[in-house]
Amino acid sequence: MSLLYEKMVAPLLYRMDPEAAHQVGLRAMGALGAAAPLRWLLERSLSPAGVKPVEAFGLKFPNHVGLAAGFDKDGLGWRGAAALGFGHVEVGTVTPRAQPGNERPRVFRYPAIRAVVNAYGFPNAGMDALHARLSSGPGRGRRRSPLGVNIGRNKDTPNERAHEDYLACFRRLAPLADYVAVNISSPNTVGLRALQDRGPLVRLLAAVAEANRETAGGPVPLLLKVAPDLNPAQLADIVSVVGETGFAGIIATNTTITRPPGTEGCETRGGLSGAPLLERSLGVVRFLVKESGGRIPVVGCGGVTCAADAGRFMDEGACLVQVYSGLVFRGPALAREIAEGLSWRERRWV
């Protein structure tokens, strides 16, 4: 099915503005999720075959492959994504107040190298809108695939008060989530990445961890999403702080502000994702797993466009992988392809 998408559907979408094409895909995913009979058919036709469930962070996942945050910022299509075979779906990034994000154009697509550059800046309808939408669906622990909520701060909130935004989102949405991811690594909100420094990081993660102990229905697994552009000392600090504050794991990585070889003609604003990010993200996962002695679960994210890419993350010690830009270039059957490819790989090694 991916070949059919690449030959027939993708060329049509490439003629559209990248952000408009993204909305077409998201709305289609939402329509699939809303129509129960169609969702039922998809679940049976596109669910990965012969794949064993995976346990991580105290949760059970149908397979290793998740949809990364950013694709479905407002929770419009998560049920459709699960029907397409994703083993977990992460919605957001959501902020306390609705915000439009950065000025357009803010998404740039490069099919020849399977890369995307985005400068979105967390456009979303706000935490109350997401709360209303998630409240109308199956609750925590009752979904086909675990649902994560990725939280951030509003653009006009200074870093000195960032913890207030994260806590507001967390308290509002954690009771509806299977896990919560704290996003301090987007390059498109000015100053946000400074929260990755040890001092601000300790204060923020400790505050969220404290609030988690009071979550209705019990605590949820907490994950931290980090940038691919950190140096070894910064990554070592992150491992230390995650351990100190009791966070369950790390998602590595967000988009990069660098432009790796072969991307010299790409837009310089915003974060780059897709195939050119793979090696950098793999390096971060490798470091985090080694630095933590394998004690902190790591989700690999960045440049996954096929099962072989996902397999490389697993070889570095990742427990799960996430996909975003790969959908743009490979289409809706990608989750099934990767999950089945990883399953075949595991059986071959037994």
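Things worth noting here:
- Helix-derived mean residue ellipticity, 222 nm - over the chain, DSSP H n ≥ 4, -39500 (n - 2.57), to 500: -11500 deg cm²/dmol
- Dividing the convex hull volume of the alpha carbon atoms of the stretch 276-350 by its residue count gives 77 Å³ per residue.
- Taking a sphere under 15 Å around the Cβ of V202 and counting the other residues whose Cβ falls inside, with K and R at +1 and D and E at -1, yields a net charge of -3.
- Applying 1/(1 + (r/R0)^6) with R0 = 41 Å to the Cβ-Cβ distance of R198 and E6 gives a FRET efficiency near 0.40.
- Placing a label point 7 Å from the Cα of C306 along the Cα-to-Cβ line, the residues of the stretch 112-147 whose backbone N sits under 18 Å from it are 112-116.
- The trypsin sites (Lys or Arg not before Pro) of the stretch 1-44 that meet both conditions, a loop assignment by DSSP and at most 12 other Cβ atoms within 10 Å of the site Cβ, are R15.
- The stretch 155-229: C-alpha gyration tensor shape, a/c 1.5 cut-off, then a/b vs b/c: prolate
- Dipole magnitude of the chain about its Cα centre (Cβ charges: Lys, Arg +1; Asp, Glu -1), debye to nearest 20: 720 debye
- Sparsely packed GluC sites (Glu not before Pro) within the stretch 185-292, loop by DSSP, other Cβ within 10 Å at most 12: E214, E264
- For the stretch 277-313, the list of trypsin sites (Lys or Arg not before Pro) that fall in a loop by DSSP and count at most 10 other C-beta atoms within 10 angstrom reads R295.
- Residues whose amide H lies under 5 Å from that of T93, counting only those 5 or more places away or on a different chain, are G70; hydrogens are built 1.01 Å from N in the peptide plane.
- Cβ-based net charge around T256, under 10 Å, with every Lys or Arg adding one and every Asp or Glu removing one: +1
- With neighbour counts taken as other beta-carbon atoms within 10 Å, the residues T255, T305 rank, fewest first, as T305, T255.
- Summarising the strand pairing of the chain, around 30 percent of its internal DSSP beta bridges are antiparallel.
- Rounded to the nearest 20, the Cβ-based charge dipole of the stretch 238-317 about its Cα centre (Lys and Arg +1, Asp and Glu -1) stands at 60 debye.
- F61 long-range amide H proximity, modeled H, under 5 Å: V54, E55, A56
- The stretch 137-296 - share of DSSP beta bridges that are antiparallel (%, nearest 5): 10 percent
- Too-long pairs where the Cα-Cα distance tops 32 Å, listed order kept, from K52/K155; K60/K155; K60/K225; K7/K290: K52/K155; K60/K155; K7/K290
- Net charge in the neighbourhood of L42 (other residues with Cβ under 14 Å of its Cβ; Lys, Arg +1, Asp, Glu -1) is +4.
- Dipole magnitude of the stretch 1-59, debye to nearest 20 (Cβ charges: Lys/Arg +1, Asp/Glu -1, about Cα centre): 200 debye
Throughout, read-outs are computed from the coordinates displayed, never taken from laboratory work. These figures come from a predicted structure and were not determined experimentally. Cβ coordinates were reconstructed from backbone atoms using ideal geometry, including for glycine residues, and neighbour counts include every protein chain displayed.
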